[in-house]
Structures are given as C-alpha cells and as structure tokens.
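To start, the structure under review is shown below, and the notes come after it.
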Amino acid sequence: MSSYTISLLNETALLVSFQNSIDEIINEKVIALKQAFAKNNFKGYIETVPAYASLAIFYDVAIVKKNYTAATTAFEFVKNFTDQLISEINFTNTSKSNLVAIPVYYNGEDLEYVALLHNISAEEVISTHTSKPYRVFMIGFLPGFAYMGKVDESIATPRLATPRTNVKAGSVGIAGFQTGIYPLQSPGGWQIIGQTPIKIFDAKKDNPCLLQAGDSVQFISINKDEFEKLNEY
C-alpha cells in the first residue's frame, strides 16, 4: 500500500496527499487514483481534481448521508471508501501516457535572458527544451493551463520578479523546473521563451482542454512561416 494521508479539504471535499514534491512516480499514483474513481465511485460523488502530489475528491454531503446512513459523517464514509479503493490499486501497473506534439516558434521575449542567465546560447535553450517529453502533472491557474516538468537544470529559471500584466495566449514559458503554455491571454510571471500556434483551450469543443494530467508533451521547434500557417488564434 502506498504511503498517504487523507484530510478534510472543506465541507464538500477531502484531500489525499502522497508527498509534497514534483515527482513522476508520485504523480502516477495521483492519476491512478483518479482513474480508479472514474471506474468505481459512490452515490454523491462529484469529481476528482489532481495536483502534483495530491487528489481532491468532491462529493455531495446530503446525497452521501442519505445513502450511507451507517457512517457518522459524509467525510467518514468518503474517507473509508477512499482507503478501500487505494488498497485495491496496483500502483506499479501504471497506464501509458498520451503523447502530444506541440509546435513552438521560439521567439519569446525572455529567451535571451534565459540563455544569458545560464551562459549558453538561445539555440542551446531551444535544443534543451525540445530534447525530451514533459509530463503534465496538473491543470490549473487558467482553464487548460498545464503544469509540466521537469525542465533540465541547465535552463531552469525563476519566475519574473514582477509579473507581466499581459501574456499572449499560446505563450510557452519556464518557471523554476516547470514549463507551461498560457491557454488564454492573461497576466503572468513565467519566463516566455516562445509561442505555440495551437489552441490549448477551446471552449467551443466538447473536450475544451487539449492536455490532461498524466499526458506527455513533446515540444517541436518551428520557424515563423510555419507558425503563421498553423496559427489558430
């Protein structure tokens, strides 16, 4: 059985925490539990929301209490249900992630800064950023904003000291050991190294978020002409 704790998040949710770190193995446990709830849940279950190392489980208190009267509280029932579900999961048998290729025109306003900070060329920043796939650990901040990692130490860069008031939709950035894509125009403090022409979030689609927690993303460098031909914004 995997080591974890369960705590009350609020009156309609509990939180399962595995560890407090950015780690693919831990995140795999989070996704495995999320998938287990999708297949086997209870009356009053609403949804689960994954983070780096934890899973929030939301439920309707009134429905839970109505259908499971043996439990003293809704939290007690959901906690016991969760404990049982975790005991049945084979955490060593992880599912294969969905690999998504994301084209990027590396023209970001912070590209040169990242290069100078690490005493390398902009081309080396691009080469390193595109050298491996990144795991989508969680979705948050904005609809469809995927927190991915880990970036190589040679290009890991702190957030801006003062966030920008306006970051373009599709901007690709680095924040510490994380990389991500702004799905919408918004304020933001990540170091912007490029822009993708592909919409990461489209409210008109049945599945508006292109990326989901547990996916893998491979960034591919494209030139300006390719960007303009593919531009969906």
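The values are calculated or read from the model by the stated rules, or taken from the named source; none is laboratory data. Values in this document were obtained by computation on a predicted structure and should not be read as measured data. Neighbour counts are summed over all protein chains in view; Cβ atoms, including those assigned to glycine, are modelled from backbone coordinates with ideal geometry. Note: accessible area is taken over every heavy atom of the protein model, side chains too, but ligands, DNA and RNA are not part of it. Shrake-Rupley method; radii C 1.70, N 1.55, O 1.52, S 1.80 Å.
In order along segment 216-233, the phi-based Karplus estimate (6.51 cos²θ - 1.76 cosθ + 1.60, θ = phi - 60°) of 3J(HN,Hα) comes to 10, 10, 10, 7, 10, 6, 10, 8, 4, 4, 5, 4, 5, 5, 8, 4, 9, 8 Hz; Gly and Pro are listed as x. Relative contact order, whole percent, for segment 168-233 stands at 30, derived from Cα pairs under 8 Å and 6 or more residues apart.
Remark: spin-label model distance Glu76-Ser127 equals 6.3 nm, labels positioned 7 Å along the Cα→Cβ axis. Dimensions of segment 106-233 along the principal axes, based on C-alpha atoms and rounded to the nearest Å, stand at 44, 31, 30, largest first.
Lys-Lys pairs in segment 36-173 that are eight or more residues apart or on separate chains and whose Cα atoms lie under 15 Å of each other come to 5.
As an exercise, use a Förster radius of 35 Å and the Cβ-Cβ distance of Leu15 and Lys43 to find the FRET efficiency, rounded to the nearest 0.05.
Computed FRET efficiency for Leu15 and Lys43 comes out at 0.95.
A Förster radius of 35 Å combined with the Cβ-Cβ distance from Ile25 to Glu226 puts the calculated FRET efficiency at roughly 0.45.
Expressed as a whole percent, the accessible area of the chain that falls on carbon and sulfur atoms is 51 (1.4 Å probe). Its Kirkwood hydrodynamic radius, worked out from the mean inverse distance over all distinct Cα pairs, puts the chain at 19.2 Å.
At full extension, Ser87 and Gln35 could sit 17.3 nm farther apart than now, given 0.36 nm per residue minus the alpha carbon distance.
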